[in-house]
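**Q** Provided herewith is a single structure, encoded as structure tokens, for subsequent inquiry.
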Amino acid sequence: MYYELPMHYRQTVAGQVSLEGIGLHSGEKIAMKLIPAEPGSGVVFVRTDLGGLTIPADLDHAGPSFYATVIQKDGESVSTIEHLMAAVYSLRVDDLRVELDGVEVPILDGSSRPFVELLNTAGLKQSSVERSYLHITRPVSVSHEDKKISVYPCREYRVTYAIDFDHPLLGYQELTASLWHADDFYRKLSPARTFTFEKDVEALRRNGLAKGGSLENAVVLGEDRILNPGLRFQDEFVRHKMLDLTGDLSLLRYPMRGHVIAYRAGHDLHARLARKIHESPDSWYLAPWREEERSAAGRFDA
């Protein structure tokens, strides 16, 4: 599957599509619809079970993000949006109405691939409204203890990510990848599934989380073996972290031209970086795609 994206103009889905699935943390069956939206409206989530409450997918509505990415408004929320938003962001779907009859986006197989394929089924429709890009001009960094995440100027959206777990089957993994083209995201990151440790599952459920989790939608690591039949990539774990990062950065609302470098980060640090970027206007500018930059941006395969 290869996606040739329009660089200049905002786009939405060409038609309405829908699916149903289980919520990872709620365990509830949830129906979701993706519906075309007007240029400039952005990505908006609509809780149809709450009378049509609308929650824009942006930093002004971002909630606490530890085990999932959450947006909130008027005391209500939508959670676990990161896998869908990573697909939306990577295919440069600028304007979209997402209707849900529950509290979170269905987890499906724990990756972004089903959402990319759903968007492909819907098709994409280009508007006549120019799209702006977020160009990073100075480094922005956030750290907590030994965890760190930074973004640096770059001609494309590029990610270097490292994870380091005290587990014999995981340990240290590092990957650098160009994600400027949607096909890069589809091939390199979208199939990578969320993961957890068997020893943590019961604690999560006691806290009202992971009620819908199973081997069908997450990679589960036991003490000395992976409980699932197999991995989709040898380094699937770090790839999924990069997927989550992409979904979390989507709350900036503009495709980024910058190189993100992360070490042992997660949803919370991703969100803190996005907020710090937003609050550091001397480190970026918004501008449309320029034709003369097309050859300079190039394609950097990893």
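**Q** For the stretch 132-297, build the charge dipole from Cβ charges (+1 Lys, Arg; -1 Asp, Glu) around the Cα centre, then report which of His240, Pro288, Val159 sits farthest towards its positive end.
**A** Working it through, the farthest residue towards the positive pole turns out to be Pro288.
**Q** For the stretch 55-108, what percent of Cα pairs sit more than 16 Å apart?
**A** The proportion of pairs with Cα distances above 16 Å equals 39 percent.
**Q** Mind telling me which of Gly75, Gly110, Gly27 comes out most flexible in a GNM of the chain, alpha-carbon contacts under 10 Å?
**A** Top of the fluctuation ranking is Gly75.
**Q** As a footprinting exposure proxy, order Lys188, Lys241, Lys29 by other Cβ within 10 Å, with the fewest listed first.
**A** In increasing order of surrounding Cβ atoms, one gets Lys29, Lys188, Lys241.
**Q** Please give me, ordered by residue number, the trypsin sites (Lys or Arg not before Pro) of the stretch 59-107 that lie in loop per DSSP and have at most 11 other Cβ atoms within 10 Å.
**A** Sites meeting the loop and neighbour criteria: none at all.
**Q** I've got another one for you. Amide H of Phe233: which non-local residues (sequence gap of 5 or more, or other chain) have their own amide H closer than 5 Å, using H built in the peptide plane?
**A** Residues meeting the amide H criterion: none.
**Q** Are any of the pairs Lys33/Lys73; Lys29/Lys148; Lys125/Lys148; Lys148/Lys199; Lys33/Lys276; Lys29/Lys125 more than 28 Å apart by Cα-Cα distance, and if so, which? Present the calculation step by step, with values, prior to reporting the outcome.
**A** On the way: Lys33/Lys73 20 Å; Lys29/Lys148 36 Å; Lys125/Lys148 38 Å; Lys148/Lys199 26 Å; Lys33/Lys276 32 Å; Lys29/Lys125 30 Å.
Violating the 28 Å Cα-Cα cut-off are Lys29/Lys148; Lys125/Lys148; Lys33/Lys276; Lys29/Lys125.
**Q** Right, something else. Going by amide H atoms built from the backbone, whose H comes under 5 Å of the H on Leu189, apart from near neighbours?
**A** For Leu189, whose amide H was placed from the backbone, there are no distant partners under 5 Å.
**Q** Oh, and also: Please quote Rg/Rh for the chain to two decimal places, taking the Kirkwood radius as Rh and restricting both calculations to Cα atoms.
**A** 0.94
**Q** What does the charge dipole of the stretch 132-297 about its Cα centre add up to, to the nearest 20 debye, if the Cβ of each Lys and Arg holds +1 and the Cβ of each Asp and Glu holds -1?
**A** The dipole magnitude comes to about 360 debye.
**Q** Please go through the stretch 175-227 and write out the GluC sites (Glu not before Pro) that DSSP classes as loop and that have at most 13 other C-beta atoms within 10 Å.
**A** Answer in residue order: Glu216, Glu223.
**Q** Listing Tyr89, Tyr133, Tyr152 from the residue with the fewest other Cβ atoms within 10 Å to the one with the most, what is the order?
**A** Tyr152, Tyr133, Tyr89
**Q** Further question on the same structure: Can you compute the charge dipole magnitude of the chain about its Cα centre, using +1 on each Lys and Arg Cβ and -1 on each Asp and Glu Cβ, nothing else charged? Give it in debye, rounded to the nearest 20.
**A** 440 debye
**Q** Now a separate question. Most exposed first by the Cβ proxy, i.e. fewest other Cβ within 10 Å, how do Ser111, Ser132 rank?
**A** With the fewest neighbours first, Ser111, Ser132 line up as Ser132, Ser111.
Coordinate-derived values only; no laboratory data. All figures in this text were calculated on a predicted structure; none of them were measured in a lab. With ideal geometry, Cβ positions are generated from the backbone for all residues, glycine too; neighbour counts draw on all protein chains shown.
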